[in-house]
Amino acid sequence: MLEVKDLEVRYGAIRAVRGVSMKAEAGQLVALLGANGAGKSSTLMCVAGALRAAAGSIRLMGEDVTSARPEAMVRKGVATVTETRDVFPDLTVSENLLLGSYVHRHDRAGVAADRERMLQLFPRLGERAGQAAGTLSGGEQQMLVIARAMMTRPKLLLLDEPSLGLAPAIVDQIFEMIRVLKSSGLTIVLVEQNVSKALQLADTAYVMRLGRIAAAGTAAEIAATTDLGALYLGG
Amino acid sequence: MTFALQFLIDVLSLGGAYALMALGLVIVYGILRLVNFAYGELIMVTGYALFLAGGTGLPWLVMAAMAILVAVATGILTEYVAFRPVRAKSVTAVLITSFAFSTLLQNAALLFISPRPRNVPLPPIFSQTVEIAGVVTPMRNLLTIAAAAILLAVFAFLMRRTVLGVAMRAAASNFTMARMLGVPANLVITSAFAISGLLAGVVGILWIGRIGTVVPGIGMEPLLVAFIATVIGGMRSLSGAVLGGFLLAFIDTTLNYTLAQDLLKFRDAFTFGLVILILLWRPQGLLKGPATGQRT
Ligand SMILES: Nc1ncnc2c1ncn2[C@@H]1O[C@H](COP(=O)(O)OP(=O)(O)O)[C@@H](O)[C@H]1O
Ligand SMILES: [Mg+2]
């Protein structure tokens, strides 16, 4: 599904990602772990097309998409949930969802069905349909951006720290959603600080440190061999 | 009573024109975070297009529609010539190219037409007056109010009820996120410039209709008005721009009515003084725009 090779991402002189290679097979959930500043988000945003790759390549289902624009990536089936969530705060919940279906806007019946499915999965969003997205709680905003991403009908979902800053009960709900999405056959790359929860869901995992892959393996291997506490400390 | 009505008509007609000018500037600013300094020239171009169309003998409405179309085309051209090639490079580069394009258009008018004022064809309605409830007012004021009301309503409808409009609002709030949902950057930007050109075209006809002539530098005042109105209203907010336009018109009209004759030539100084006071009170402008966002 996704194959990243020797990827480099730079911000001016800062080399945030320094030769990352990783794979995600269809239907798998791949966890991307590592301390703050390790380069996880930069990797993800580069795959999403929002950052330019300084070197290396990105292949999606065999196609080279290294320099594709973000609006092209979503048409190819890649949906992104950013670390900053990025709801459109002044737009209503409905309008936010509508934008998720931008690519499919001519398929009215299909979009209505997608929307119905998302509201079933996230009933709270239905209750708040007419409300400005900026007035939602953090957990509701997280649900909204996941639902909005799903409206694009992705084959590959990139999730950047979906549990960041949320209350434990909400975190459990979010992970349950991710499990449901995974069981529907969706391929997911999940960046998480909540390492143990992420590894419970993951098939394979990569650990990043200072812009490089420090460890890779099945979720069980990583859970057994990696000092998870050190991940948080960046050690 | 008649005085109040007179005042109201003056504020609404001036404010309608100002609001349209401001909206045309802010629609581009909201998305690119860049002031289009060639905006005033869209109004100039409208004037000269109307002047040139005057020779064709076509019905006036057709000529006016052609002039507005020229403004739309010039707006889109601005984007292709001054913005698109340097958009990704730097803010400074775009500011310079938009200045350069503005100067280029003005000089083209100087060179190929004339530095002197040129008469534009106007239908008699622009010089007629009407009497409503004892107030005698030029028809063109009522035309301006009607045009502004219609355009603002259509604009609000488009931005709220069409997918492209919602996409443009989203892009104004967070361009990268909108693109990650599949909204094409170029479509949104070109649409913004086209709408900007449309608003400039309509306001250009109404504005030039007040004076009756067009000169190469005619765009300067509308650009300044639009800029001040958007600064007052909050640079990032569409409704703020409209509010700012009407507020600026309210200030200008009040000063027109109250300042002694020999102080009137200092009206702009008073206006700017008040604008500074408003900004000291609310540095972000009256309405805050979307909270997040980044430039691309
Ligand atoms: N917009 C940016 N400008 C400059 N440096 C950045 C920017 N974004 C991230 N970085 C730097 O790149 C490195 C990797 O950041 P990031 O990809 O966000 O890591 P992570 O998601 O693993 O916390 C960090 O050193 C960070 O400071
Ligand atoms: Mg991150």
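Of note:
- Shielding score for A:82-95, defined as the mean number of other chain Cβ atoms within 10 Å: 5
- Given A:Lys76/A:Lys197; A:Lys76/A:Lys155; A:Lys40/A:Lys76; A:Lys5/A:Lys40; A:Lys40/B:Lys89, the pairs whose alpha carbons are separated by over 19 Å: A:Lys76/A:Lys197; A:Lys40/A:Lys76; A:Lys40/B:Lys89
- Loop-located GluC sites (Glu not before Pro) in region A:65-127 whose Cβ has at most 16 other Cβ within 10 Å (DSSP): A:Glu83
- The mean accessible area for residues of region B:2-281, using a 1.4 Å probe and ignoring ligands and nucleic acids, is 41 Å² per residue.
- Accessible surface of B:Leu255 - all protein chains present, 1.4 Å probe, nearest 10 Å²: 20 Å²
- Å² of accessible area per residue within region A:105-230, as computed with a 1.4 Å probe and no ligands counted: 44 Å²
- Sorting B:Met66, B:Met177, B:Met235 by accessible area puts them as B:Met66, B:Met235, B:Met177; the probe is 1.4 Å, largest comes first, and only protein heavy atoms count.
- Accessible area of A:Ile14 in the full protein assembly, 1.4 Å probe (Å², nearest 10): 110 Å²
- With at most 15 neighbouring Cβ atoms within 10 Å, loop trypsin sites (Lys or Arg not before Pro) (DSSP) excluded, longest segment of chain B: B:90-287
- Karplus-derived HN-Hα couplings along region B:58-65 (A = 6.51, B = -1.76, C = 1.60, θ = phi - 60°), whole Hz, x at Gly and Pro: 6, x, 4, 4, 5, 4, 5, 5
The values are calculated or read from the model by the stated rules, or taken from the named source; none is laboratory data. Just so we're clear, the structure is a prediction, and the values are computed from it rather than from any experiment. Neighbour counts run over all protein chains shown; Cβ positions are idealised from the backbone, glycine included. Ligands, DNA and RNA are excluded from the accessible area calculation, which covers all protein heavy atoms including side chains. Shrake-Rupley method; radii C 1.70, N 1.55, O 1.52, S 1.80 Å.
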